[in-house]
Amino acid sequence: MDRLSSYLLPTEKEDPADAEALSHRLMVRAGLIRQLGAGFWSWMPAGWRVHNRVTSIIREEMEAIGGLEMLMPVLMPAEPWIKTGRHDIPELFRLKDRKSADLVLAMTHEEAVTTHAAQLIRSYRDLPLILWHMQIKERDEPRPRAGVLRTREFIMKDAYSFDRDEAGLAESYEKHVVAYDRIFDRCGIEWYRVESDVGMMGGSAAHEYMAPCAAGENEVALAPGYAANVEIATAQAQAVDLAASSTEPAKVATPGLTTIEQVSASLGLPAGGLLKAVPVMAGGTFTVAVVRGDHRLNEIKFANAMGVDVRQATADEIEQNLGPAGSIGPVGTDVPVVLDSAVSAEHDYVVGANEADTHLSGVRPGRDFSFTQADIRSVEAGDLVGGQPITIEPAIEVGNIFKLGTRYSEALGANFLDESGRQQPIVMGSYGIGPARIAAAAVEQRGSDRGIDWPASLAPWDVQVLALGKSDSRELEVATRIAQDLQDAGAEVLLDDREASPGEKFADADLVGCPIRLTVGRKGLEKETVEVQVQGAEKTDIALATAGSEVAAIWKSLS
RNA sequence: CGGGGCGUGGCGCAGCUUGGUAGCGCGCUCGCUUUGGGAGCGAGAGGUCCUCGGUUCGAAUCCGAGCGCCCCGACCA
């Protein structure tokens with residue numbers, strides 16, 4: 001049992017001055033976390049209890065799928081990072097020791113675990129294997145934000161699977177799907193498993209676990225039976241009324257009109273009747289990506305579809321290859337054009353003429369310019385998947401699972417001998433979870449201005465017992481006895497035994513947000529009752545004599 | 001990296017325009033009263049006004065440089 005009179009729970013009446021996100025404000029106000037610098041956060045005692053509850057759930061489920069817990073260092077030699085080509089990632093903290101040896105602070109542990117695998121795994125008989133640990137990660141983030149949502153140092157559960165082939169990897173991957181589904185369910189947060197980008201470095205499949213909430217940094221596209229990160233989501237575009245057919249393009253004067261909105265308003269056309277030409281450098285080649293005027297280019301989908309790295313072209317590169325920005329287009333140029341799949345080759349569009357203050361109308365893809373077609377746009381809310389409109393929601397990434405393949409095992413020489421004595425690279429997967437983000441997501445999803453409303457499985461304590469009245473009063477004596485009964489029944493209990501006014505105790509209890517609150521006050525004691533408030537339910541009075549066992553029963557029914 | 005904002009007791013803020021004794025609320029300490037929704041009265045403690053440099057008789061205030069923090073965007077293996 002924890003007694004508030006001798007605990008450190010630094011609650012605040014007011015929001016921290018610079019906090020915006022709900023979870024940031026509430027976790028500070030409830031005395032759970034404190035900041036040490038940009039992206040550096042300490043967990044105060046009550047907050048650490050929450051973190052520990054999350055990690056306990058993760059540990060149980062990782063053990064349930066046969067994962068072996070270990071611990072690898074944060075500070076490590078740079079060499080394996082050089083070998084895997086990740087030593088130059090801007091987010092990686094690099095440093096030297098007193099002998100000038102190159103070291104790094106690990107931002108994840110593929111390099112470390114694969115180095116061990118290379119030493120220790122010899123035979124197919126050693127496989128499959130799942131190794132994991134709960135360890136600090138260091139990342140030099142360009143912009144830490146929103147309390148513990150994006151920090152430069154954080155604890156991550158990262159697991160790595162080792163298999164002899166793709167079929168084995170598929171099994172290990174599926175085990176993690178099962179474990180992760182259970183972890184996020186048990187943590188009591190709302191979540192989606194979404195398809196996600198595998199990145200330029202390969203890998204055959206990846207999913208992210210996303211917790212929807214206002215402070216989310218990612219966007220997920222959702223429809224019945226469909227969930228994907230907007231980075232890779234694909235859907236059927238909404239129809240648009242298109243211009244009547246023409247025989248050839250015609251110049252249209254558009255003085256001073258450079259945006260899609262201006263041009264479409266001026267011509268009385270829907271934005272979808274225009275084509276937007278986005279100049280990019282694709283694998284070093286100047287290329288024009290063309291999407292409908294009401295759509296946006298998705299650089300990740302473009303890169304995945306074309307199999308090259310992509311970035312926006314600079315003003316100089318545009319000027320050099322096409323003409324003035326603001327009215328660029330695909331007609332009459334020999335620059336390669338990638339046309340989005342939502343653009344019809346059967347209809348006419350308005351495009352920039354590569355000439356100042358001029359557009360072309362009646363332009364038909366194929367007839368008037370040649371192109372490669374691919375799905376390169378970001379989906380929009382209302383687009384269809386399986387005939388159902390999608391919605392787009394912000395979400396926090398709380399976990400991810402990734403089929404790595406042999407990228408790391410090949411780079412670091414992690415091989416095994418198969419039955420025929422042939423050396424093969426180990427097929428790997430990696431699987432991460434951010435416990436701090438789970439806690440923050442729970443606060444985002446269930447918090448209010450008044451305080452946090454923890455899921456029963458994550459609350460810092462199961463029951464908070466408020467002893468109103470003075471410290472030598474019968475209230476405290478009774479409250480202490482009930483708190484002891486509850487603890488004996490297995491509950492984790494916080495007893496507010498401070499010399500403080502009732503209002504202050506209620507306000508702090510609201511902030512901390514335990515699933516059960518028990519109030520022992522004079523009003524109740526006169527009737528030989530105490531007041532119980534279960535999260536989301538009305539207050540009720542229960543008999544003093546049986547309070548301990550009754551509340552214990554309620555507590556058990558919650559978990 | 002681009003844009004915007006902010007740095008004054010533990011927390012939230014005013015003061016800066018127009019230079020002249022550093023203030024308010026909360027919190028904290030002590031005493032008395034009070035105890036079912038952040039109590040009342042009284043007495044106190046606590047500040048290199050982010051740092052450095054400049055202007056000035058005199059700088060929280062004006063000027064310059066730097067540092068730190070927040071928000072938006074870009075980025076995020």
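The values are calculated or read from the model by the stated rules, or taken from the named source; none is laboratory data. For clarity, every value in this text was computed on a predicted model and none was experimentally measured. So basically every Cβ, Gly included, is an ideal-geometry build from the backbone, and we count neighbours across all protein chains shown. Side chains included, ligands, DNA and RNA excluded: accessible areas come from the protein's heavy atoms. Shrake-Rupley method; radii C 1.70, N 1.55, O 1.52, S 1.80 Å.
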Exercise. Would you check which residues across the range A:450-464 are of a type outside the set (S, T, N, Q), surrounded by fewer than 23 Cβ atoms within 10 Å (Cβ to Cβ) and under 16 Å from A:I189 (Cα atoms) and list them?
Key: A:D453, A:P455, A:A456
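Could you look through the range A:346-363, keep only residues that are among the small types (G, A, S) and over 16 Å from A:V288 (Cβ atoms), and pick out the one that is most open to solvent (accessible area, probe 1.4 Å)?
To start, the set of residues in the range A:346-363 that are among the small types (G, A, S) comprises A:352-353, A:356, A:361-362.
Within this subset, residues satisfying the condition of being over 16 Å from A:V288 (Cβ atoms) are A:356, A:361-362.
Working: A:A356: 62, A:S361: 35, A:G362: 13 Å².
My answer is A:A356.
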Exercise. Return yes or no: is A:E528 more than 10 Å from RNA strand B (Cβ to nearest atom), modelled with pLDDT of 90 or more and either closer than 27 Å to A:M27 by Cα or in contact with a strand residue (DSSP E or B) (Cβ under 7 Å, 6 or more places away or on another chain) (or both)?
Key: yes
Quiz item: Which condition breaks for A:G421 when tested against (1) modelled with pLDDT of 95 or more; (2) in the same structural domain as A:R29 (by TED's automatic domain parsing)?
Solution: (1)
Exercise. Give the residues of the range A:59-78 that are assigned to a strand (DSSP E or B) and within 16 Å of RNA strand B (Cβ to nearest atom), sorted by residue number.
Key: A:M76
Quiz item: Of (1) within 30 Å of A:I396 (Cα to Cα); (2) within 16 Å of RNA strand B (Cβ to nearest atom), A:S473 satisfies all except one. Which?
Solution: (1)
Self-check item: Number of the condition not met by A:A313 [criteria: (1) hydrophobic (A, V, I, L, M, F, W, C); (2) under 30 Å from A:F402 (Cβ atoms); (3) within 16 Å of RNA strand B (Cβ to nearest atom)]
Solution: (2)
Self-check item: Residue that is least open to solvent (accessible area, probe 1.4 Å) [pool: residues in the range A:88-113 that are over 24 Å from A:H133 (Cα atoms) and within 14 Å of RNA strand B (Cβ to nearest atom)]
Solution: A:P90
Self-check item: Top-ranked residue of the range A:1-24 - restricted to ones that are part of a helix (DSSP H, G or I) and surrounded by fewer than 21 Cβ atoms within 10 Å (Cβ to Cβ), ranked as nearest to RNA strand B (Cβ to nearest atom)
Solution: A:S5
Practice problem: Taking the options A:I438, A:I482, name whichever one is open to solvent by less than 20 Å² (accessible area, probe 1.4 Å), within 15 Å of RNA strand B (Cβ to nearest atom) and either not assigned by TED's automatic domain parsing to the domain that holds A:Q119 or not charged (D, E, K, R) (or both). | Solution: A:I482
Quiz item: For A:S56, all conditions in the list (1) within 9 Å of RNA strand B (Cβ to nearest atom); (2) polar (S, T, N, Q); (3) open to solvent by 20 Å² or more (accessible area, probe 1.4 Å) hold save one; what is the number of the exception?
Solution: (1)
